[in-house]
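Comments concern the structure below.
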């Protein structure tokens, strides 16, 4: 797992110096918190953690003026004190276009992600993603966004057998997931300091491990309040319903996931530092008792912008 931290520090050392140049930005993040159910299990296991994040973005100057290419690298490592660690590294690029005096802004994105999980080795995977999106600036107060994405996950380790504990694995990994997601979002600027957002999604996951195939319907709502130029408060709620295919043992599985989040962020001193405090609560009710869980994550941290 130290691979991710090493990669992050290497990228940071390479990019912080030139990030002052036009088109390049770097964000470093240091977080401390507590997760009362890190493995998302029916029997919770909690642990304090420290998290390290790094995001690098470089925008190639538009040529022609209506086109721009953005390269990005995002690394995240979570170091649990009582549990094994997790890490993620994403590298990607987005082609942006601007049409009709910037009222329509289509984009095409391609990404590759490596996820490593010492806590749940069966969740480790490599992923390729492609997405197309369109942002429509209807007016000065209303914006509509539509996104369609396709991704394939190749899992690296054997999967738990049906009806067996986590220690019992299939003899070979072999699991592949093809995920498709459609999303429509509307953002309304209610006042100069208050905006709301409503998101609706539909997704399907076709897995070679049949019991992991599902259809998902969901929505999310958020309010963003910026009482001052340096303070932002975000409150959000989300609801998802996953309907899984047959498991082969006669039992059907449906999960209903409800989540609430609250976040306070404040710029400190100059514009290159930000403090944040965040609390997230999640409740997953499943027709299978082994998949029912609750989770609360509380964290605070600092972000540096270069």
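Throughout, read-outs are computed from the coordinates displayed, never taken from laboratory work. Please read these numbers as outputs of a predicted model, since none were measured by experiment. As a convention, Cβ positions derive from the backbone with ideal geometry for all residues, glycine included, and neighbour counts pool all protein chains shown.
One table, with the values for the structure above:
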| read-out | value |
| --- | --- |
| For the chain, the spread of Cα positions along each principal axis, largest first, Å | 57, 39, 37 |
| Cα-only Debye scattering, the range 179-229: base-10 log of I(q)/I(0) at q = 0.30, 0.33 Å⁻¹ | -1.04, -1.13 |
| Degrees between helix 2-15 axis and first principal axis of the chain (Cα, 0 to 90, nearest 10) | 10 |
| Ratio of Rg to Rh over the range 35-132 (Cα coordinates, Kirkwood Rh, two decimals) | 1.15 |
| Linear extension gain, residue 235 paired with residue 152, 0.36 nm per residue minus alpha-carbon span | 26.7 nm |
| Computed [θ] at 222 nm, deg cm²/dmol, the chain (DSSP H ≥ 4; -39,500 (n - 2.57); rounded to nearest 500) | -1500 deg cm²/dmol |
| Per-residue Cβ neighbour rank within 10 angstrom, fewest leading, 276, 49, 100 | 100, 276, 49 |
| Spin-label pair residue 262/residue 100, simplified geometry with 7 Å Cα→Cβ offset, distance in nm | 4.1 |
| Cut-off 16 Å, label 7 Å out along Cα→Cβ of residue 292, residues of the range 28-72 by amide N | 41-44 |
| Residue exposure sequence - 43, 256 - by fewest surrounding Cβ within 10 Å | 43, 256 |
| Full-stretch length increase - residue 59, residue 272 - with 0.36 nm per residue and alpha-carbon distance subtracted | 74.8 nm |
| Square roots of 5 times each gyration tensor eigenvalue, C-alpha, the range 40-81, largest first, Å | 40, 12, 5 |
| Convex hull of the range 233-306 built on C-alpha atoms - directionally averaged projected area, nm² | 6.7 |
| Value of Rg/Rh across the range 190-265 [Cα atoms, Kirkwood radius] | 1.21 |
| Packing-based order for 185-195, 257-267, using average beta carbon neighbours within 10 Å, highest first | 257-267, 185-195 |
